[in-house]
Amino acid sequence: MTFAERVVAMLRRGFDWITRRRRTDEDFAREIDSHIALEAERLVAEGWSAAGAGGEARRRFGNVATARERFHETRCASMVEDVMRDLRHAARLLRRAPVFGTIAILSIALGVGANTAIFTFVNAVLFKDLAVRDPERLVWVRVDERFPTTDYPTVVRFRQRESVFDAVAAVHSLDRAVVATDHETADARSVRVHLVTGDYFGLFGVRPDAGRFFSMEEDERVLDGHPVVVVSSAYRRAHFGSASDALGNTLSLNGTTFTIVGVAPPSFTGDELGEPADLWIPLFMQSAVMPERPNAVPATRLWLRMLARLKPGVSVEHAANVATAIYRQKLQDQFAGDPEWTSEQAARVRVTLHPEHRGYSPSRADAAEPMVVAWVIVGLVLLIACVNVSALMLVRAASRDREIATRLSLGASAARVARLFFAEGALVGVAASLAGVVVSVIGVRWLERVAASGVTVYRLSIAPDASVFALTIAVSLLTILVCGLVPARRALRLASHGTRGTTLLGGRRLAPAIPLGSGVIVAQVAMALVLVTGAGAFARTLARLEHQDMGFDREHLIEAFTEPEQVNLKGAQLTALFEESVKRVRALPGVQAAAASSRGFMTRYAGMVRTTVPGYVTQRGESEFVAYNYVTPGFFQTAGMSLVAGRDFTADDIEGSPRVAIVSESMARHYFGTVNALGRRYGTARDQGAPIQVIGVVRDAKDGSLRDERIEMMYFPSRQAARNLTQMRLIVRSAGDPAALVADVRTAIHAIAPQLPITSVAPIAVQMRRTIAMERFTALVSGFFGAIALLLAALGIYAMTSHAVVARTPEIGIRMAMGGTAESVVLMILRENLSRVGAGLAIGLGLALIAMRAVRAQLFDVSPTDAASFAIGIAVILAASAAAVLLPARRATRVDPAETLRYE
Amino acid sequence: MTTQERIAILQGTLDLLILRTLAGAGQEHGQGIARAIQDVSNQTLLVEHSSLYPALQRLEDRGWVRAEWGTSSNNRRARFYALTALGRKQLIRESDQWWRFADAIALVLGPRTAR
């Protein structure tokens, strides 16, 4: 055929295929029938009897099944039909083995889904860029290595020099409470407000969802001149209807009314990772928003974080040099004539530019580490799941030799049989993928909730990452299809070597060597041990954290947090207010005691002051700062903190009387050398003048986080510190369940000071749970997946062992016929498999030791070589393995020697 | 010769025989073709009937024969095959090839000797 003719033929075939109905199997069968009938007629004509002719015609035809099979295979045009048929068949086979199917699909779905969820989360927290234009060109300008902030005049100065920066903006973020919309009552909860310069949104290059953003001309001209606000999409969704509905509405904050002029897109919530902005307000409205610190804008106080966008083509080094020169000049101009401003100081000025493309988050690492640990755990489980499913598929395949042989003898080609196994694998893979999607969505939602429940709140809204999902699916599919290869290869081998005789009846003789068999068991056991040990360690960490002695009563205390700063309440006025509140609350039914303090329990950021103790020399590198707390009389009794020496404050310890303090045990031991520090005197930087006398020593109380070792704290009577008081918190001790009193306490405080924003009233136990949210997360994940790993490993061992038993039944039968007992058989099987388990345990032990060391930072009061965790892990796995091996081994003893021999 | 090669040759030969038979018969059904080859070759070539049909299907796929259901002389339903123009061309080509092949072998074997 010439090339042209060939092309024509191909085109014609294609055309025919599309237009004409392809020939079906049934049509072919009819033709065969017709042939046989015609042949029979011919034979009759040649002298055969009617009955004999039919049989002879059929005999002469040959193998009908083969012919049909061959025809079927030449139908390349019906490949789709073929595949559908294979899939349907595979589905039928899987339905007949529901246990295998369920385990395979579930375990892979779980592994894939969990991996995707956790990676998506880690990606969003650690790696994702801000959703703005060209995030690579954004930098955070840090003018002084001691502080992250600068002042407004510096920002203006930088703006004027346009040589390296396309835009320069600044932001100050803070929480404000009691923001009211016009149609809702004041919301006591805090909102995150970002005070920004006019070019802030321009710097990021985002477009508003509705309305407009700020501009330099309108919003950065007149101080307090333009009360407008841009709301975030989340805020808009919570308080208004559609985006355009929000525009024109007003918010009132601290008595000032702000008009909503724009809505930010959902993808933009400022650049502070984990602290999404709710409202943006022009910087020039600062005095209205922060009445406690008016007129910060023109001042040279450092309170603004400066951001900039590099001009294209400008290198960071060059820009930093230019920025340093600008800032040096600014300081020069500012301190001209100031004798303290020396040339050394000028030389030390150094401006650094930090990448902003991933946002600003000093605490990014904290949330990351537990996530990474969780990710490793989930990754291992996926590995175990894949290995398990592969092993199970191999076992299934090996036990289907007879089926393969029959198919081959019926005329199916080896390729056909191989395709069937692939179809099974593909079916499992597809089902697992679909289930995996569900798992990953659920997983991401759950992770979001966990991240938002801790102390550092990560309010993220993320969708499962498609690329990660695709990757994990690809990995799983690859594994499954590779195991589809092994039975397929067996099929091909059987086909070429001929199947008659050897395998049809004695199928078991082709004892399938699963060379990976023992390796699989060892690997699974090792990995399972690592996971189970880890789970044990994390669980014990959580228990230790939760049940440690805090130094104060955590069962019966409520803590009420307020924001007096926001309404400019401070000093003596604040103290009087809180004393009144304490009196009022004490009178409530169910309240045993109440008191106030300037610093709550479990507060991370709190005041410290430089302290000098006569007779004590500070060591090198030691901090001179000690934490302090202003408390009302009765505080310690309310909190359940016992005094180990001296007395509590009384109503006599007021402004004007001798200055007194109560110190914690550790502080006493540290600075005074003894717990009994009564009568000793010392001074702090704040009260230059009268030294302070220690009149009591109290037990240590945990502060900051549950992991802090000890806390040195000094307590002052609130009346003696009125001048410096800016914060107060109420603590209330309840007779019964503290949760029941929450509403009453809130009402009582509100009644006394209606303008005081009360941000939270809650039992201390609730707050404490927030501080260990991450530990709970890790314990949960490791426990859950550790159990899964154990289950999978046990199942794998069970499958392997029972298959081995089946494969060796003839051998067992012979043994028993020769006089061996059932026990000896069981022992033999046990010994072989348990030795593999033992090897796995040994390897797993080494790996677990390494792993524990790696996560030591996550553990609390549990050493990386904690014997208990390891012992539990080993015991659990041994028990599971033993069970997994015993069951099939026992079945082996029920083998009837006579039966098996007969098969031979 | 391995199994694969043997099958290939047989397939090619069978195709040729079918095409030639159809060229002579004009239109014929499968059973008829099988019988024709047997008879014309003096029972030397016994075609396995079951392998005839996949061959016919192949020829049909390649567009060398055309097929449709009809009624036989005894009023029986049968699928009748006929050569297409393309098939006729293919027949000429393959016959030439076969004769050239046969001549070449004859040259190598030399003149026929008495057994």
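The values are calculated or read from the model by the stated rules, or taken from the named source; none is laboratory data. From a predicted model like this one, the values you see are computed outputs, not experimental measurements. Cβ atoms come from the backbone with ideal geometry, glycine included; neighbour counts cover every protein chain shown. Only protein heavy atoms, including side chains, enter the accessible area calculation; ligands, DNA and RNA are left aside. Shrake-Rupley method; radii C 1.70, N 1.55, O 1.52, S 1.80 Å.
Of A:868, A:646, A:170, which is farthest along the charge dipole of chain A in the positive direction, counting Lys and Arg as +1 and Asp and Glu as -1 at C-beta?
Positive-most Cα among the choices belongs to A:868.
Rank by packing, highest mean first: peptides A:39-47, A:278-286, with packing defined as the count of other Cβ atoms within 10 Å averaged across residues. Intermediate results must be reported in sequence, preceding the final value.
Working: A:39-47: 15.9, A:278-286: 24.1.
Descending packing order for the listed peptides: A:278-286, A:39-47.
Please compute the per residue accessible area over the stretch A:145-293 with all protein chains in place, 1.4 Å probe, rounded to a whole number of Å². Before the final figure, lay out each step's value.
Details: 5670 Å² over 149 residues.
On a per-residue basis, 38 Å².
Which of A:153, B:19, A:67 sits farthest toward the positive end of the charge dipole of the protein assembly as shown, with +1 on the Cβ of Lys and Arg and -1 on the Cβ of Asp and Glu?
Among A:153, B:19, A:67, the one farthest towards the positive end of the dipole of the protein assembly as shown is B:19.
Kindly provide log₁₀ I(q)/I(0) values, in the same order as q = 0.10 Å⁻¹, from the Debye equation applied to equal alpha-carbon scatterers of the protein assembly as shown.
Calculated log10 I(q)/I(0) at the listed q: -1.26.
Rounded to the nearest 5, what % of DSSP beta bridges with both residues in chain A are antiparallel?
Approximately 75 percent, going by the DSSP bridge assignments.
Run the paramagnetic zone check for residue A:45: 7 angstrom along Cα to Cβ, then residues of the stretch B:79-96 with backbone nitrogen under 19 Å.
B:79-81
About its Cα centre, what dipole magnitude does chain A give when the only charges are +1 on Lys and Arg Cβ and -1 on Asp and Glu Cβ, stated in debye to the nearest 20?
Details: 101 positive and 87 negative charges, 642 e Å.
So the magnitude is around 3080 debye.
Mind giving me the nanometre distance, one decimal, between the label points for residue A:624 and residue B:76, set 7 Å out from Cα along Cα→Cβ?
According to this spin-label approximation, the distance is 11.8 nm.
Taking residue A:570 as the anchor, which lysines have their alpha carbon closer than 23 Å to its alpha carbon, excluding any fewer than eight residues away along the same chain?
A:583
Report in % the part of the accessible area of chain A that belongs to carbon and sulfur, leaving out ligands and nucleic acids; probe 1.4 Å.
59 percent
What number comes out for accessible area per residue over the stretch A:314-359 if the probe is 1.4 Å? Units Å², please.
59 Å²
Quick one: which bits of the stretch B:28-54 get at least 50 Å² less accessible when the partner protein chains are in, versus the chain alone, with a 1.4 Å probe?
In the stretch B:28-54, residues shielded by partner chains: B:31, B:35, B:49, B:50, B:53, B:54.
What is the percent carbon and sulfur in the accessible area of chain B, measuring with a 1.4 Å probe over the protein chains and ignoring ligands?
55 percent
Mind checking the mean number of beta-carbon atoms from other chains within 10 Å of the Cβ atoms in A:29-38?
Partner Cβ neighbours, averaged per residue: 6.
Leaving out ligands, DNA and RNA, calculate the buried accessible area for the pair B and A with a 1.4 Å probe, summed over both sides, in Å² to the nearest 100.
2500 Å²
Against the longest principal axis of chain A, how steep is helix A:25-46, in degrees 0 to 90 to the nearest 10, with axes from Cα atoms?
Once rounded, the angle reads 0 degrees.
Which residue, chosen from A:883, A:143, B:108, occupies the Cα position most advanced towards the positive end of the dipole of the protein assembly as shown, where the dipole is computed from +1 (Lys, Arg) and -1 (Asp, Glu) charges on Cβ about the Cα centre?
Comparing the listed Cα positions along the dipole, B:108 ranks first.
Work out the mean other chain Cβ neighbour count within 10 Å for the residues of B:71-77 and drop it here as an integer.
Per residue, the number of nearby Cβ atoms from other chains is 3 on average.
Helix B:30-40 against the longest principal axis of chain B: what's the angle in degrees, Cα atoms only, rounded to the nearest 10?
40 degrees
From the P(r) of the stretch A:226-278, could you give the percentage of C-alpha pairs in the tail past 15 Å?
45 percent
Among residues other than residue A:226 whose Cβ falls under 13 Å from its Cβ, what is the net charge (Lys/Arg +1, Asp/Glu -1)?
Working: positive: A:212, A:221; negative: A:217, A:218, A:219, A:220, A:224.
Once positives and negatives cancel, what remains is -3.
For helix A:64-74, what angle does its Cα long axis make with the longest principal axis of chain A, in degrees from 0 to 90 and rounded to 10?
Once rounded, one gets 40 degrees.
Magnitude of the Cβ-charge dipole of the stretch A:90-162, K/R +1 and D/E -1, about the Cα centre, nearest 20 debye?
About 460 debye.
So what is the accessible area of the stretch A:779-892 per residue, in Å², with the probe set to 1.4 Å?
45 Å²
Can you give the helix-only mean residue ellipticity at 222 nm for chain A, where every DSSP H stretch with n ≥ 4 adds -39500 (n - 2.57) and the sum goes over all residues, rounded to the nearest 500 deg cm²/dmol?
Calculated from helices alone, the mean residue ellipticity at 222 nm is -17000 deg cm²/dmol.
If I build a Gaussian network model for chain B, linking alpha-carbon pairs within less than 10 angstrom, which residue out of B:55, B:104, B:78 has the largest mean-square fluctuation?
In the Gaussian network model the winner is B:104.
On a C-alpha basis, how far is the centre of the stretch A:337-354 from the centre of the stretch A:282-332 in Å? Whole number, if you could?
Distance between centres, Cα-based: 16 Å.
At 7 Å along Cα-to-Cβ for each site, give me the label-to-label distance between residue B:46 and residue B:107 in nm.
The two pseudo-label positions are separated by 3.6 nm.
Please compute the modelled spin-label separation between residue A:96 and residue A:180, points set 7 Å along Cα→Cβ, answer in nm with one decimal.
Taking the simple label geometry, residue A:180 and residue A:96 are separated by 7.5 nm.
If packing is taken as the average count of other Cβ atoms within 10 Å, what order do A:775-787, A:290-302 fall into, highest mean first?
Per-residue mean Cβ counts within 10 Å order the peptides as A:775-787, A:290-302.
Between residue A:334 and residue A:865, what is 0.36 nm times their sequence separation minus the Cα-Cα distance? Round to one decimal in nm.
185.3 nm
Treating the beta-carbon of each Lys and Arg as +1 and of each Asp and Glu as -1, no other charges, what is the dipole magnitude of the stretch A:262-368 about its Cα centre, to the nearest 20 debye?
For the stretch A:262-368, the charge dipole is close to 280 debye.
Give the peptides A:160-167, A:539-546 in descending order of average Cβ contacts within 10 Å, highest first.
Final packing ranking: A:539-546, A:160-167.
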